[in-house]
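Structure first, then comments.
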Amino acid sequence: MVTLWVSFDVIGRRCLEACVEAGAEVAAVVTLPGPIDTNRSGQCSFDDLGVPVIETEDVNTPETIASVREVAPDAIFVVGWSQLVRGELFAVAPQGAFGMHPTLLPRHRGRAAIPWTILTGLARTGVTLFEIVDPTADSGPIIGRREVAVEPDETATTLYDKLLRAHVELIREHVPQIADGTAPRLPQDAKRASAWPKRTPADGIIDWETRASYLHDWVRAQTRPYPGAFTYLGEEKLVVWRARPIEVDPGDPAGMVVEVRSEGAVVACGEGGLLLEEIEPGQQIAVGDRLG
């Protein structure tokens with residue numbers, strides 16, 4: 001089976017490599033123009049894979065579709081691409097087009113799945129491999145799923161790694177089935193569908209009036225490879241990569257630095273306090289400083 005890959009991120013690249021290990025051929029990769037944009041979580045290059053690279057900002061343009069037709073793929077995989085793919089593109093591949101989503105579809109379609117998984121307190125999530133049959137996001141028949149446990153102290157970093165492995169396992173299992181025409185296609189139950197909204201880096205700002213227990217979730221949901229939760233000390237932006245809740249005097253005003261320990265500064269919250277264990281830049285913060 002000859003495949004075409006549409007991706008700009010690390011998970012998409014690892015899935016492509018797993019696809020080759022499963023016996024498929026890669027005709028080309030459609031990806032974003034370089035150089036790597038550090039504001040795009042997990043973006044990576046595909047230039048060193050020895051296959052043609054088609055660079056585009058819009059996968060649905062006539063020029064991109066014409067380039068895809070030239071490589072004549074049997075199947076298209078869209079893994080790690082933030083734009084909806086329209087029918088003109090996936091109609092090119094006679095064996096179908098396939099996407100992957102880091103939740104257990106039909107629940108939690110949409111964007112920013114890893115941060116939302118932590119922020120909403122899910123105890124389990126997963127990855128779904130599905131066929132793309134219309135431009136609606138994440139709605140096509142399910143080929144396979146992998147469940148992943150979400151630990152109480154899970155971070156975006158650790159959950160990303162778990163979900164990456166689940167992506168690769170699904171590709172290894174189901175690419176041979178897609179190639180020989182035996183892959184299952186189970187319709188999604190639209191009545192049980194839900195969706196998460198898009199998040200942007202600006203959504204990571206910390207509101208110190210929030211309970212410390214939730215700000216702990218806020219920080220770990222948006223840590224690397226995402227842009228991070230952040231606050232301000234005067235005009236200086238501080239990214240908080242790691243923090244944990246602790247007890248403080250309930251009379252302290254939210255956002256005030258009430259203590260500085262060897263592990264980091266302690267900031268009063270709407271309820272409790274947050275120990276900032278890793279911030280960037282790693283400047284000195286003093287007792288009495290106000291963040292916000």
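Computed values, structure above
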quantity: Matching residues, segment 189-200, being in a loop (DSSP other than H, G, I, E, B) and in contact (Cβ under 8 Å) with a residue 40 or more places away in the chain; calculated: D189, A193, S194, P197, K198, R199
quantity: Failed condition for E151, given (1) of a type outside the set (F, W, Y); (2) in a loop (DSSP other than H, G, I, E, B); (3) touching a residue at least 60 places away in the same chain (Cβ under 8 Å); calculated: (3)
quantity: Among (1) at pLDDT below 95; (2) farther than 21 Å from I171 by Cα; (3) crowded, with 21+ Cβ neighbours inside 10 Å, the one test that P35 misses; calculated: (3)
quantity: Any hit, segment 162-178, residues being in a loop (DSSP other than H, G, I, E, B), surrounded by fewer than 17 Cβ atoms within 10 Å (Cβ to Cβ) and either out of contact with any strand residue (DSSP E or B) (no Cβ under 7 Å at 6 or more places or on another chain) or in contact (Cβ under 8 Å) with a residue 40 or more places away in the chain (or both); calculated: no
quantity: Pairs with Cβ under 6 Å, 6+ apart, first in segment 56-71 and not assigned by TED's automatic domain parsing to the domain that holds P33, second among the polar types (S, T, N, Q) and at pLDDT 95 or above; calculated: none
quantity: Residue that is in the same structural domain as N60 (by TED's automatic domain parsing), assigned to a loop (DSSP other than H, G, I, E, B) and out of contact with any Lys or Arg (no Cβ under 6 Å at 6 or more places or on another chain), where the choices are G144, G140; calculated: G140
quantity: Those residues of segment 262-284 which are among the polar types (S, T, N, Q) and farther than 24 Å from Y226 by Cβ, in sequence order; calculated: S262, Q284
quantity: Selected residue [over 29 Å from the mean Cα position of the chain (by Cα) and surrounded by 17 or more Cβ atoms within 10 Å (Cβ to Cβ)] from G264, G255, G228; calculated: G255
quantity: Residues of segment 234-252 satisfying the condition of being more than 27 Å from Y160 (Cβ to Cβ) and buried (at least 19 other Cβ atoms within 10 Å of the Cβ); calculated: V248
quantity: Matching option when the condition is crowded, with 19+ Cβ neighbours inside 10 Å and either in contact with a Leu (Cβ under 6 Å, 6 or more places away or on another chain) or over 24 Å from P227 (Cβ atoms) (or both), among A66, A72, A28; calculated: A28
quantity: Residue in segment 118-137 that is surrounded by 22 or more Cβ atoms within 10 Å (Cβ to Cβ), over 24 Å from A27 (Cα atoms) and not β-branched (V, I, T) present; calculated: yes
quantity: Residue in segment 8-16 that is in contact (Cβ under 8 Å) with a residue 60 or more places away in the chain and more than 24 Å from R165 (Cα to Cα) present; calculated: no
quantity: Elements of type strands (runs of 3 or more DSSP E) in segment 201-292, at least 2 residues being aromatic (F, W, Y); calculated: 229-233
quantity: Yes/no for V219 being crowded, with 22+ Cβ neighbours inside 10 Å, closer than 30 Å to G273 by Cβ and not acidic (D, E); calculated: yes
quantity: Sole residue being hydrophobic (A, V, I, L, M, F, W, C) and closer than 17 Å to G87 by Cα, chosen from A27, A66; calculated: A66
quantity: Qualifying residue in segment 206-213 (condition: hydroxyl-bearing (S, T, Y), under 19 Å from the mean Cα position of the chain (by Cα) and modelled with pLDDT of 95 or more); calculated: no
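The values are calculated or read from the model by the stated rules, or taken from the named source; none is laboratory data. Bear in mind the structure is a predicted one, so any value in this text is a computation, not a measurement. Cβ atoms come from the backbone with ideal geometry, glycine included; neighbour counts cover every protein chain shown.
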